[in-house]
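Please treat every number below as a calculation from the coordinates, not as lab data. Source: prediction; values computed, not measured. With ideal geometry, Cβ positions are generated from the backbone for all residues, glycine too; neighbour counts draw on all protein chains shown.
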């Protein structure tokens, strides 16, 4: 009996709520929404006639807030979304074409206050901010290209990176403050920055952004970067990763960066090894361990070389051998360091160094069997003490420069041919290094421009305010040939990478359609670079010729792996 009474009570309550809902929704809410809709139409029409777009947006946003407060005070909670939908329909959606038409002017003039209100209203409409997103994208593109166009001078790379970062910081700030970190608008910033940074002034020439970013990092990490504290350098390097993430050809950056890092480490030009390692870790976080594997191995070689030199010193003590000079050697893995054999040139080692080289080779081959040492004299340097002047000078110079200068040990004047014959350097290398010694005024030349008929003399009146200095002109600047060589090596690496990717994919999948293979290759290679379809096709054809893969008999656009 009690259960029956509870059921009857529940049914009565349900009927009562249905009656209340009917009374509220049909008798009151529907007429109220209709009346509100008409009022919103009239009000929108009046505001559009009386106000400019900025005033219209401000009035609409204020009016929406008033409606929200009124609903919360006098209406049931269920009515608020319905009133708001009517308001947005008649005050925003019905005039969407007009509002979208004003977006371009607001974005171009960067009217942050109006853009803020525009954004708040447009996001209430499905896909309402799409035009705002596209207009912001085009605006950032234009401002970005304007910031990096027409740059001149030796420090173009510094201007390019810092101007690009200034554009990024400005519009990232606007998106955060005005558009509430909206992901669609952040996406437009990313697309615009990627477009600007990978833009090619001359379409057929390669993009120079990777090279310029590598030079920018090189300048920050070198000892010569003056006026920067450790915290400022760290901040700039951290910001440089922003540009790095937008670069398409990350493998080009890696090639230039590794070459510059090698020079800094070999010539002891790094301002801080901790900063160097921190930068490599930043790159690893952005691109993964594989990208920085060789860079880490370069650091390992420097550490191992230090231990090796200590063992060599102990070996000399046990052998009771005096070298007569302070000798320090770096043993570097050929596979990790971007040094190559192309720069090797004939060279006759000075007598002062022959004993040291011979003793180190004996020591090394006794400790490591099956290894081969290749001496890269063009990367070596030495410290020479000048004792023939009123003051003693300590000068750091490249080995080739030192070899030339040591020829004046027994004679104050020597001819071009005598010096070249004694050093065995080719004409290009010899002329380059003899010119650097003349420019530094350590030796003098009777001709204004040194040539094969010139006679060179030791400058016995040499004077300098500093007693310790470095001649770097011949080894620090990258020649156009080196830049071209770097880009050529990138092209070769890409061919090998694509062929390896094709074999790896086909070995896993066995049979694959042409388009599916292309997509998988693009997916795998996007971390380092963006290959063209033509480049991928050439790699596939090359592997077919080498019989790694073959076309299936039944389909022209399908490949199978040849086991």
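Once the Cα atoms are used to define both axes, helix 427-439 deviates from the longest principal axis of the chain by about 90 degrees.
Which distance in Å, rounded to a whole number, links the C-alpha centroids of the range 195-228 and the range 231-309? Centre-to-centre (Cα) distance: 15 Å. Specify whether the C-alpha gyration tensor of the range 134-302 places it in the rounded, prolate or oblate class, a ≥ b ≥ c being the square roots of the eigenvalues: rounded for a/c under 1.5, otherwise prolate if a/b is larger than b/c and oblate if not. Note, shape of the range 134-302 comes out prolate. Each residue in 195, 98 was given a count of other beta-carbon atoms within 10 angstrom of its own, and listing them fewest first yields 98, 195. Taken over the range 303-377, the alpha-carbon convex hull comes to 106 cubic angstrom per residue. Footprinting exposure proxy ranking of 449, 88, fewest other C-beta atoms within 10 angstrom first, gives 449, 88.
In terms of surrounding Cβ atoms within a 10 Å radius of their Cβ, 71, 103, 51 rank from fewest to most as 51, 71, 103.
Name the shape class, rounded, prolate or oblate, that the alpha-carbon gyration tensor gives for the range 44-177, where a ≥ b ≥ c are the square roots of its eigenvalues, rounded holds for a/c under 1.5, and otherwise prolate holds if a/b is larger than b/c and oblate otherwise.
Numbers: a/c = 3.43, a/b = 2.61, b/c = 1.31.
Prolate, because a/c is 1.5 or more and a/b exceeds b/c.
Is the chain best put as rounded, prolate or oblate by its Cα gyration tensor, with a ≥ b ≥ c the root eigenvalues, rounded for a/c under 1.5, and otherwise prolate when a/b is larger than b/c, oblate when not? Cα axes put the chain in the prolate bin. Taking the chain as the reference, fit the longest principal axis to its C-alpha atoms, fit the long axis of helix 53-74 to the helix C-alpha atoms, and give the angle between the two in degrees, 0 to 90, nearest 10. Result, in degrees: 50.
Over the chain, Cα pairs under 8 Å with separation of 6+ residues give a relative contact order of 8 percent.
To test your reading of the geometry: what angle, between 0 and 90 degrees and rounded to tens, separates the Cα axis of helix 183-197 from the longest principal axis of the chain? Here the helix axis deviates by roughly 30 degrees.
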